[in-house]
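Peer 1: Sharing a structure, written as structure tokens. Questions coming.
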Amino acid sequence: MNQIFADANGWIALNSKRDQGHDTAVRMNKALLEKGHRYVTTNFVLDETYTGLLMKVGHFAAVDFGERIRGTQTVQVIRITEELEKEVWNLFKHYSDKEFSFTDCTSFVVMRQWNLMEAFTNDHHFEQMGFAVLLKS
């Protein structure tokens, strides 16, 4: 089973018809799931996603997404522990020349630890860290 990291930008594109990448995200998601791929994400990414959907689409969309995530077998949620957060903090401090969010850094650390090289996102920061971005504009 091939695993792909799912970022908030990808989740929002998939769940918001208003997002410019929506159609691409829907097509890509369908193709990935049909090929047996599964997603890995984090509780920090989900936090960003709920907030993004709330602001862009509304409360119902954010809650609907959260309920579907909790009920699916195709997504594994990694919890950012205190130990992981220490490693993330060091990464965040190191890249003063980039505009990586703290949540981006949590994603990078998880991706490295889980040997994930592809991200369901359009966020170029993942490319800057050497990961493949599946939802390029």
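The values are calculated or read from the model by the stated rules, or taken from the named source; none is laboratory data. Everything numeric here is computed off the predicted structure, so don't read it as measured data. Neighbour counts run over all protein chains shown; Cβ positions are idealised from the backbone, glycine included.
Peer 1: Under 7 Å between Cβ atoms, which residue pairs at least 6 apart in sequence (or on different chains) link something in region 37-48 that is closer than 14 Å to Phe65 by Cβ with a partner that is part of a helix (DSSP H, G or I)?
Peer 2: Sorted first by the residue in region 37-48, then by its partner, the pairs are Val45/Ala8; Val45/Thr103; Val45/Ser107; Leu46/Ile69; Glu48/Ala8; Glu48/Thr103.
Peer 1: For Ile69, state whether it is outside any loop (DSSP other than H, G, I, E, B), among the hydrophobic types (A, V, I, L, M, F, W, C) and touching a Lys or Arg at 6+ places or on another chain (Cβ under 7 Å).
Peer 2: In short, no.
Peer 1: Further question: With respect to the numbered conditions (1) part of a helix (DSSP H, G or I); (2) farther than 27 Å from Asn115 by Cβ; (3) of a type outside the set (Val, Ile, Thr), which one is the sole condition not fulfilled by Phe44?
Peer 2: All conditions are met except number (2).
Peer 1: Testing Val88 on (1) surrounded by fewer than 19 Cβ atoms within 10 Å (Cβ to Cβ); (2) touching a Cys at 6+ places or on another chain (Cβ under 9 Å), one condition comes back false. Which one is that?
Peer 2: With respect to (1) surrounded by fewer than 19 Cβ atoms within 10 Å (Cβ to Cβ); (2) touching a Cys at 6+ places or on another chain (Cβ under 9 Å), Val88 is out only on (1).
Peer 1: Need pairs with beta-carbon distance below 9 Å; first residue surrounded by fewer than 17 Cβ atoms within 10 Å (Cβ to Cβ) and within region 116-136, second hydroxyl-bearing (Ser, Thr, Tyr); sequence gap 6+ or separate chains.
Peer 2: Close Cβ pairs satisfying both conditions: Gln128/Tyr95; Lys136/Thr24.
Peer 1: Another question, then. Look through Asn2, Asn9, Asn15 and report the one residue that is under 15 Å from Arg68 (Cβ atoms) and in contact with an Asp or Glu (Cβ under 9 Å, 6 or more places away or on another chain).
Peer 2: Values: Asn2 fails: under 15 Å from Arg68 (Cβ atoms); Asn9 fails: under 15 Å from Arg68 (Cβ atoms).
Among Asn2, Asn9, Asn15, only Asn15 is under 15 Å from Arg68 (Cβ atoms) and in contact with an Asp or Glu (Cβ under 9 Å, 6 or more places away or on another chain).
Peer 1: Out of Thr24, Thr106, Thr51, I need the residue that is in a helix (DSSP H, G or I), touching a residue at least 60 places away in the same chain (Cβ under 8 Å), among the β-branched types (Val, Ile, Thr) and surrounded by fewer than 19 Cβ atoms within 10 Å (Cβ to Cβ). Which one?
Peer 2: Going through Thr24, Thr106, Thr51 in turn, the sole match is Thr24.
Peer 1: Something else: Exactly one of these conditions fails for Gly21: (1) under 21 Å from His125 (Cα atoms); (2) modelled with pLDDT of 95 or more; (3) small (Gly, Ala, Ser). Give me its number.
Peer 2: Of (1) under 21 Å from His125 (Cα atoms); (2) modelled with pLDDT of 95 or more; (3) small (Gly, Ala, Ser), only one is false for Gly21: (2).
Peer 1: Failed condition for Asp97, given (1) over 20 Å from Lys136 (Cα atoms); (2) in a helix (DSSP H, G or I), with all others met?
Peer 2: Asp97 satisfies all of (1) over 20 Å from Lys136 (Cα atoms); (2) in a helix (DSSP H, G or I) except (2).
Peer 1: Quick check on this structure: which one of Leu33, Leu91 is among the aliphatic types (A, V, I, L, M), in a helix (DSSP H, G or I) and farther than 15 Å from Ala119 by Cα?
Peer 2: Numbers: Leu33 fails: farther than 15 Å from Ala119 by Cα.
The match here is Leu91.
Peer 1: Working only within region 89-122, note down all residues that are under 23 Å from Asp19 (Cβ atoms), out of contact with any strand residue (DSSP E or B) (no Cβ under 7 Å at 6 or more places or on another chain) and not aromatic (Phe, Trp, Tyr).
Peer 2: Glu99, Ser101, Thr103, Asp104
Yes/no per residue for (1) within 19 Å of Phe131 (Cα to Cα); (2) at pLDDT 95 or above:
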residue: Gln73; (1), (2): no, no
residue: Arg79; (1), (2): no, yes
residue: Val88; (1), (2): yes, yes
residue: Tyr95; (1), (2): yes, no
residue: Thr103; (1), (2): yes, yes
residue: Thr106; (1), (2): yes, yes
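Peer 1: Let me ask another. Can you name the number of the only condition in (1) buried (at least 17 other Cβ atoms within 10 Å of the Cβ); (2) over 12 Å from the mean Cα position of the chain (by Cα); (3) farther than 15 Å from Thr42 by Cβ that Phe100 fails?
Peer 2: (3)
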